[in-house]
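Chemist: Sending over a structure as structure tokens; questions will come in a sec.
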Amino acid sequence: MLHVQASLRALGPVPGGAAGVVEALLDVLGPDGTLVAYTATPENSATSRSHQTATAGLSPAEVADYQARMPRFDPATTPASPSMGALSEAIRTHSGAMRSGHPQTSWAAVGRLAREITERHPLTSHLGPESPLGRLYELDARVLMIGVPMDRLTAFHLADLRMPDVPVREYRCVGPEGWTTFRAPDLDDVHFGPLGAEVLSTAHGITTARIGTADCRLVPVREAVDLAESILRSSRS
């Protein structure tokens, strides 16, 4: 099972573009493999940084109008955020792809275990152990990082959630039935830079290669998360 995080710009020209990369990865994985992508939609949330940026400087009435025009999340049709990259969107739109129903932090998968990975995604476990990300850990998946640095490894959020006293905050986003509010752990990635560097220097299972013009890493999710947890605990002791 492979979760891919990619910068196609770093990879360079590829025949068929993002769709061509998806087909190549599926070919390598074979009929028993599963390809997974994070297809989040932070633009769909009134409590995300992207929404705060989009509405900065607007009056309360203008913000209300902006929110009234925000489309409802539909797992089948809502595009992944551009910030997720073209490859995530190509996986989401691939024939036979399945997508989790979380209106802000959805995941898509293609292959034998696609349903198992995406069928359960509670609102309150947006990037937690009950989410598709948690199942990647349980299933001992690998992350292929194509031209993406270690400080972007989404799985590090699982290590954050193992820390004591994780703060909880309110989230508000447009779901299939309209606006929904829920409380869930307050997650950020501002500390992923030094965390990723230390995991990279100590992990045994990470392999590196160059594909096209991109520096690539194949990262075992379980090892990376467990190491990150150990590092975070040591730093707080």
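The values are calculated or read from the model by the stated rules, or taken from the named source; none is laboratory data. None of the values given here were measured: they were computed from a predicted structure. Counting neighbours? That spans all protein chains shown, and the Cβs are built from the backbone with ideal geometry, glycine included. SASA here: full protein model, heavy atoms, side chains in, ligands and nucleic acids out. Shrake-Rupley method; radii C 1.70, N 1.55, O 1.52, S 1.80 Å.
Chemist: Restricting to DSSP loop positions (anything but H, G, I, E, B) with no more than 10 other Cβ atoms inside 10 Å of their own Cβ, which trypsin sites (Lys or Arg not before Pro) remain in the range 64-119? Display every interim value, and only then the final one.
Modeler: On the way: sites: 69, 72, 92, 99, 112, 115; in loops: 69, 72, 112.
Of the trypsin sites (Lys or Arg not before Pro), the ones in loops of the range 64-119 whose Cβ has at most 10 other Cβ atoms within 10 Å are 69.
Chemist: Given the protein chains as shown and a 1.4 Å probe, how many square angstrom of residue 237 are accessible, to the nearest 10?
Modeler: Using a 1.4 Å probe on the heavy atoms, I get roughly 120 Å².
Chemist: Indicate the gyration tensor shape class of the range 81-128 (rounded, prolate or oblate), computed on the Cα atoms with a ≥ b ≥ c the square roots of the eigenvalues: a/c under 1.5 is rounded; otherwise a/b larger than b/c is prolate and the rest oblate.
Modeler: Working: a/c = 2.52, a/b = 1.15, b/c = 2.18.
It comes out oblate by the Cα gyration axes.
Chemist: Here is a further query. State whether the range 1-100 is rounded, prolate or oblate according to the following rule on the C-alpha gyration tensor (a ≥ b ≥ c being the square roots of its eigenvalues): a/c under 1.5 gives rounded; otherwise a/b larger than b/c gives prolate, and the remaining case gives oblate.
Modeler: Numbers: a/c = 3.27, a/b = 2.19, b/c = 1.49.
It is prolate, given that a/c is not under 1.5 and a/b is the larger ratio.
Chemist: Sticking with this structure for a sec: Probe of 1.4 angstrom, ligands and nucleic acids ignored: what's the accessible area per residue over the range 1-155, in square angstrom?
Modeler: Values: 6980 Å² over 155 residues.
Per residue, the range 1-155 has an accessible area of 45 Å².
Chemist: Can you show me the helix-derived [θ] at 222 nm for the chain, built from DSSP H runs with n ≥ 4 at -39,500 (n - 2.57) apiece and divided by the number of residues, rounded to the nearest 500. Could you put the intermediate results ahead of the total?
Modeler: Numbers: 10 runs with 83 residues, N = 237.
Counting only the DSSP helices, I get -9500 deg cm²/dmol.
Chemist: Rounded if a/c is under 1.5, else prolate if a/b is larger than b/c, else oblate: which is the chain, with a ≥ b ≥ c the root eigenvalues of its Cα gyration tensor? Let's see the in-between values first.
Modeler: On the way: a/c = 1.61, a/b = 1.21, b/c = 1.33.
Oblate, because a/c is 1.5 or more while a/b does not exceed b/c.
Chemist: Provide 188, 27 ordered by accessible surface of protein heavy atoms (probe 1.4 Å), highest first. Write down the numbers at each step before the final one.
Modeler: Values: 188 60, 27 125 Å².
Largest to smallest exposure gives the sequence 27, 188.
Chemist: Here's a follow-up. First obtain the Kirkwood hydrodynamic radius of the range 125-237 from its Cα pairs, then insert it into the Stokes-Einstein equation at 20 °C and 1.002 mPa s, and state the resulting D in µm² per second as a whole number.
Modeler: Values: Rh = 15.2 Å.
Rounded to a whole number, D works out at 141 µm²/s.
Chemist: Leaving out ligands, DNA and RNA, and with a 1.4 Å probe, what % of the accessible surface on the range 1-144 is carbon or sulfur?
Modeler: On the way: 3720 of 6650 Å².
Whole-percent figure for carbon plus sulfur exposure: 56.
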